[in-house]
Amino acid sequence: MKKSNIYFNEFPYIEFVILELIKLTMYSFIYDVLYPIYGDKYRIHASDTDSLYLELLDGETPDKIKDHVD
């Protein structure tokens with residue numbers, strides 16, 4: 001039996017689409033939920049593929065966004 005070679009030199013389209021959809025979800029949350037509720041009273045410190053680290057300024061509480069978070 002002849003040994004076959006498998007090459008993975010094509011662009012990983014599925015992974016790219018998944019990451020783009022995750023970024024779209026994060027940006028939608030920022031601009032559709034956070035900005036209308038808090039305006040400029042938040043600061044984003046860091047974000048990852050599935051995490052968003054932010055600071056609420058001027059004594060704001062996260063109670064306002066509980067309905068929007070799963």
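General remarks:
- Across segment 42-49, not a single residue is classified as charged (D, E, K, R) and open to solvent by less than 80 Å² (accessible area, probe 1.4 Å).
- Candidates in segment 50-64 are the residues that are under 24 Å from PHE16 (Cα atoms) and out of contact with any strand residue (DSSP E or B) (no Cβ under 9 Å at 6 or more places or on another chain); of these, the one that is least open to solvent (accessible area, probe 1.4 Å) is SER51.
The values are calculated or read from the model by the stated rules, or taken from the named source; none is laboratory data. None of the values given here were measured: they were computed from a predicted structure. Ideal geometry is used to build each Cβ from the backbone, glycine not excepted, and the neighbour counts take in all protein chains shown. These accessible areas exclude ligands, DNA and RNA; they are computed on the full protein's heavy atoms, side chains included. Shrake-Rupley method; radii C 1.70, N 1.55, O 1.52, S 1.80 Å.
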